[in-house]
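Worksheet: one structure, shown below.
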Amino acid sequence: MKKHLKHSLITGVTTFVISVLINFSSNAVLEFSPLAVSFILLFFIVLLGIAFDIVGTAAASGEEDPFHAMASDKIVGAKHSIWLVRHADRVASFSNDVVGDIAGTISGAIAAAIVFRLALSNPQIRESIANTLLIGLVAAITVGGKAYAKSFAIKRSTEILYVVGRVLYALEKAGLRIVKTDKAKNRK
């Protein structure tokens, strides 16, 4: 019970920190950028949520076996891919819940800010209609994208996890250690 409580608290604090950082950054972009850049930011946040949904689903449906052969051949990223599969519950929770929920919340806030800016610069636009349509569009792209992404992630989990494993390896080589790939620490 204590382990689950600790994990939940860490997840909550991590969500808060990531959310504040992303929201602060996006607000700065929204405040000082042209409207076109705001739409690009909105699209990027939606794609980020979909991309992380792919990673979480691939980890949950992935299998270790293909990566053991790769790791024995010392292929870069294979050990990280094994870690992703072995920690699928945490990877899926972080990717689908933390990043996915943050992306959903922030994309809604960005869409509302865009509508507000549109209404200020074009008084003939009815804010309630524009808000409803833009939020509906964002929701449709998000939900439709995630529906497609889940099927894609299940079918191509090995390739996806290998790419993510290589990214984690590159981040580690750059000095940012995200996962512990030591053999003794990976065993259950």
Where the second residue is surrounded by 18 or more Cβ atoms within 10 Å (Cβ to Cβ) and charged (D, E, K, R) and the first is in contact (Cβ under 8 Å) with a residue 24 or more places away in the chain and lies in the range 76-105, which pairs have Cβ atoms under 7 Å and are six or more apart or on separate chains? SER95/ASP53; ASN96/ASP53; GLY100/ASP53
Out of (1) under 16 Å from SER93 (Cα atoms); (2) at pLDDT 80 or above, what's the single condition that is false for PRO34? (1)
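With the structure loaded, tell me whether VAL29 is surrounded by fewer than 18 Cβ atoms within 10 Å (Cβ to Cβ) and not in a helix (DSSP H, G or I) or whether it fails that test.
Numbers: surrounded by fewer than 18 Cβ atoms within 10 Å (Cβ to Cβ): yes; not in a helix (DSSP H, G or I): no.
Here the answer is no, as VAL29 does not meet what is asked.
The values are calculated or read from the model by the stated rules, or taken from the named source; none is laboratory data. Values in this document were obtained by computation on a predicted structure and should not be read as measured data. Here Cβ is always computed from backbone atoms with ideal geometry, including for glycine, and neighbour counts include all displayed protein chains.
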